Amino acid sequence: MTLSRLSTLLLAVCLAAPLALAQPINDTFLFSTPMTAAPQTYTGTNVDATAGATQNPIASCTTSDGNNSAWWYFHATAAGTVTIDLDGSTFDTIVTVLDGDLAEVACNDDDPANTGSDFTSLVEATVAANTSYFVRVTGWGGTGVREGDIAMSVTGAPITGPAGDSEDNALEMQASATHWETNVGATAEDGGDPISSCEGATNESSIWRTFVAPAAGAYDIHTISTPFDTVLDVWADGDTSVPSTYCDDDSGSDLTSLVTITATSAGQEFAVRVRGFGGAEGLIFLTSSPSTATAEEAGPERFTLSAPFPNPAGGLVHLGATLAEAGAVRAEVFDALGRRVAVVADGEVAAGDVAWTWDAAGQPAGVYVVRMSTEDEVRTQTVTVVR
């Protein structure tokens, strides 16, 4: 991405949505603020927070969720109990702890041990080792003050900031899976980041994973669905003393990144690094999957997946494909967390043009992935749902 492109984007954002500057930076889970240690007190606000523009699950422990939430996250390095106490916040709070699928782990509206009249919250969550969690703080939606300053004391099981913050503590990247992490609060590598073959020396905050090929062959690694501009580097055999073997800035959709790597044998290890272009930060979706065959290897494409229309969409989305020959296909839609939300086709399809529709009316705003697969090939497109 060039500097002129970045300047144009920043200008467009400022002109299109000047009021967004008043919102807390951690207004959605996509830009959660990291908790880097415990015991420690974290502060923030939900003043002018929006009512869940993107996935924003309502707390189960109350009948009046204010829905104006601020978000944090932490990575538990050991199993145990994490206690989060909002005593000292200036409004009637609700706090939930959620896992990586945004499923509720624990929730509290009013701490029964708090004898005052501030109606703040305290929650105790049982956490697993080497697992990341979200913390959502919102206001009670009934009569009273539902927004204000947040003071959050965190104690208990050891936690740390961004998982995979350095090459030395890189997490394993599973084959054919999507992982979420964040580079918010990530630090630069000691002595500078290893050199990127497409972006030069960087020395920027980054997150790391290690991919071990389950078999010889080609694999796609990408950051599609990440809500900001990424740069992706991969080093074959984990050798980061040289410039990256593979690098990409914008080959994925919406300025995200995609590389196709080649493993020469099962068990070959690759070092994977993701960073934001120009220091951009937020939640990262990092996916690996067997690569579709190149044209040189497989000849003409057996099918193509058309771009969804309209895009962005708020209701009915038209999907289509063109098949060179008849066969079994499956077309699915996944949300930004990799959860299947719809199966639009599953069965035998004749050769030629085919069309389907997906009704996005009941889905939260966000980026969704349309995935179509045959026995040996996969194609994806993205569609943005707006409200």
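The values are calculated or read from the model by the stated rules, or taken from the named source; none is laboratory data. As the structure is a computational prediction, the values presented were derived from the model and not from experiment. Counting neighbours? That spans all protein chains shown, and the Cβs are built from the backbone with ideal geometry, glycine included.
At a glance:
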{"item": "The range 268-306 - residue that is at pLDDT below 85 and acidic (D, E) and, of those, surrounded by the fewest Cβ atoms within 10 Å (Cβ to Cβ)", "result": "E296"}
{"item": "Boolean, G44 is crowded, with 20+ Cβ neighbours inside 10 Å, over 19 Å from the mean Cα position of the chain (by Cα) and either among the aromatic types (F, W, Y) or in the same structural domain as A151 (by TED's automatic domain parsing) (or both)", "result": "no"}
{"item": "Sole residue being farther than 19 Å from C198 by Cβ and buried (at least 23 other Cβ atoms within 10 Å of the Cβ), chosen from S225, S257, S265", "result": "S225"}
{"item": "Any hit, the range 81-93, residues being in contact (Cβ under 8 Å) with a residue 12 or more places away in the chain, surrounded by 23 or more Cβ atoms within 10 Å (Cβ to Cβ) and closer than 17 Å to T131 by Cβ", "result": "yes"}
{"item": "Within the range 103-141, tally of residues that are surrounded by fewer than 17 Cβ atoms within 10 Å (Cβ to Cβ) and either of a type in the set (G, A, S) or touching a helix residue (DSSP H, G or I) at 6+ places or on another chain (Cβ under 8 Å) (or both)", "result": "6"}
{"item": "Close pairs from the range 178-207: first in a loop (DSSP other than H, G, I, E, B), partner at pLDDT 80 or above and of a type in the set (V, I, T), Cβ under 6 Å, at least 6 apart", "result": "N183/I207; A186/I207; P194/T240; E199/V231; A201/I195"}
{"item": "Unmet criterion (only one of (1) on the phi > 0 side of the Ramachandran plot; (2) surrounded by 16 or more Cβ atoms within 10 Å (Cβ to Cβ)) for T77", "result": "(1)"}
{"item": "Which listed residue is surrounded by fewer than 13 Cβ atoms within 10 Å (Cβ to Cβ) and basic (K, R), from R371, R340", "result": "R340"}
